[in-house]
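What follows is a set of notes on a single structure, which appears directly below.
Please treat every number below as a calculation from the coordinates, not as lab data. Owing to the predicted nature of the structure, the values given are computational and were not obtained by experimental measurement. Note that we place each Cβ from the backbone using ideal geometry, even for glycine, and neighbour counts take in every protein chain shown.
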Amino acid sequence: MQVTKYNASGNDFVIFHTFVKKPRNELAKTLCNRQKSIGADGLIVLVPHSGYDFEWEFYNSDGSDAQMCGNGSRAAAHYAVSNSLCEKRMRFLTLAGVIEANVEGDEAEVKLTEPRVLDTMIVGGGHKWQLIDTGVPHLVTFVDDLKSFDKDIAREMRNTHNANVNFAKIDTQNRTVHVRTYERGVEDETLACGTGIAACFYAAYLNNDLDETTKAYPLSKEELTLSYKDGYIYFKGRVYKVFETSITL
């Protein structure tokens, strides 16, 4: 089978397209294994859809299904255009809903599903948290120093609330946001998480700490642009095709 590896802001994905829709949870665990196979944070499979440009199957590296992935959606959009599956502007179906995307060169922008504030009064691990759904649920806490990111606390909060966990710091001078994320399904800190960055941006925007368009920086240090327009978050940044290869399973 022919597969492509993509990197989007530090999140990496194995991607391929096929005409057959079926469960691929075990395949995801195999391909995403960093010691025995290609290695990635997730597997993305594009399949045809009668109403949209395509539908995706998304799997975390542990083989679990995921409703949505911000960086993965940008990588999938770029892959689709590169493989002539659709035009530069597209709409595709995820478990979280329909995602709109636009690809220009090595940049991809996606319109995420409508954000929802689920809770603003969560306390745990010595922090106050907001629970925000930007396609998947994210716990968000704001800190003065991102070195205070604690993987044990993040793991505890993830298990308690079944959500990704984000520590965010606002740069008040430049009105930008820096984010570190612990992702469920990967069960570790990742270099970036698109929906997590979006959740942090949205929480800060509602608090008037960020403008309606701002720059965001995950652990990978890559620059991303987030905007809030007409009730939706737009998420833009560069993506990279790392390599493509044929594998035999």
Legend entry - Loop-located GluC sites (Glu not before Pro) in region 1-102 whose Cβ has at most 11 other Cβ within 10 Å (DSSP): GLU87
Legend entry - Nonlocal amide H pairs with GLY63, under 5 Å, H built at 1.01 Å: LYS29
Inset, instruction - Do me a favour and compute the ellipsoid semi-axes for the chain from its Cα gyration tensor, root of five times each eigenvalue, largest one first, whole Å. - result: 28, 20, 16
Legend entry - Candidate lysines - alpha carbon under 20 Å from LYS128, same-chain residues fewer than 8 apart omitted: LYS147, LYS151, LYS169
Inset, instruction - Mind checking region 73-135 for trypsin sites (Lys or Arg not before Pro) that DSSP puts in a loop (not H, G, I, E or B) and that have at most 14 other Cβ atoms within 10 Å? - result: LYS88
Inset, instruction - Please work out the Cα center distance from region 152-171 to region 1-73, rounded to the nearest Å. - result: 24
Legend entry - the chain - mean residue ellipticity at 222 nm from DSSP helices (-39,500 (n - 2.57) per run, n ≥ 4, rounded to 500): -5500 deg cm²/dmol
Inset, instruction - Give the Cα extents of region 127-249 along the principal axes, in whole Å, largest first. - result: 52, 31, 27
Legend entry - Hz values of 3J(HN,Hα) by residue in region 173-185 - Karplus curve (6.51, -1.76, 1.60), Gly and Pro given as x: 5, 9, 6, 10, 10, 10, 9, 10, 9, 9, 9, 5, x
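Taking all pairs of distinct Cα atoms, average 1/r, flip it, and tell me the Kirkwood hydrodynamic radius of region 77-168 in Å to one decimal place.
The Cα-based Kirkwood calculation yields 15.3 Å.
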Legend entry - Eligible lysines near LYS21 by straight Cα distance, threshold 18 Å, same-chain separation 8 or greater: LYS29
Inset, instruction - Rounded to whole Hz and in sequence order, give me ³J(HN,Hα) for region 91-100 from the Karplus expression 6.51 cos²θ - 1.76 cosθ + 1.60, θ = phi - 60°, writing x for Gly and Pro. - result: 9, 9, 9, 10, 5, 8, x, 7, 10, 9
